[in-house]
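> If you scroll down you'll find the structure; I have some questions about it.
The values are calculated or read from the model by the stated rules, or taken from the named source; none is laboratory data. Keep in mind it's a predicted model, so treat the numbers as computed, not measured. Here the Cβ positions follow ideal geometry from the backbone for every residue, glycine too, while neighbour counts run over all protein chains shown.
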Amino acid sequence: MTRAKKPGYRLTADLAEGGNILITDRGNRYFIIIMDDFTRYKWFRPMTKKSQALKEVKAFITAFRN
């Protein structure tokens, strides 16, 4: 796959679990890392449940477009 030709053209996302070691004070055990393929800039979204992932990605895309 070739790299994106401009910022925002292709975003990738990974969902990860911090396990018992990585839990924030607010109880966030899971997180999503979203990366812009062109700039390699990364955004981090902490979550308390995996089921929040789709909602977080949709919110990110909405904010990114605006």
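> Between a residue in segment 4-19 that is at positive phi and any residue that is surrounded by 11 or more Cβ atoms within 10 Å (Cβ to Cβ), which pairs come within a Cβ distance under 8 Å, given they are 6 or more apart or on different chains?
8/36; 8/38; 8/64; 19/29
> Another question about this same structure. Give the residue, chosen from 45, 29, that is under 30 Å from residue 5 (Cα atoms) and either charged (D, E, K, R) or modelled with pLDDT of 90 or more (or both).
Working: 29 fails: under 30 Å from residue 5 (Cα atoms).
Testing whether each residue is under 30 Å from residue 5 (Cα atoms) and either charged (D, E, K, R) or modelled with pLDDT of 90 or more (or both) leaves just 45.
> Counting just the residues of segment 48-64 that are loosely packed, with under 12 Cβ neighbours inside 10 Å and either among the small types (Gly, Ala, Ser) or in contact (Cβ under 8 Å) with a residue 12 or more places away in the chain (or both), which one comes out nearest to residue 3 (Cα to Cα)?
Per the criteria, the residue is 63.
> Would you be able to tell me the number of residues in segment 51-63 that are more than 12 Å from residue 13 (Cβ to Cβ) and not aliphatic (A, V, I, L, M)?
4
> Return the residues of segment 16-32 that are outside any strand (DSSP E or B) and within 16 Å of residue 61 (Cβ to Cβ); say none if nothing qualifies.
Kept after step one, since they are outside any strand (DSSP E or B), are these residues of segment 16-32: 18-29.
Selection gives nothing.
> Of the conditions (1) under 24 Å from residue 66 (Cβ atoms); (2) not in a strand (DSSP E or B), residue 13 clears all except one; give me its number.
That leaves (2) as the condition not met.
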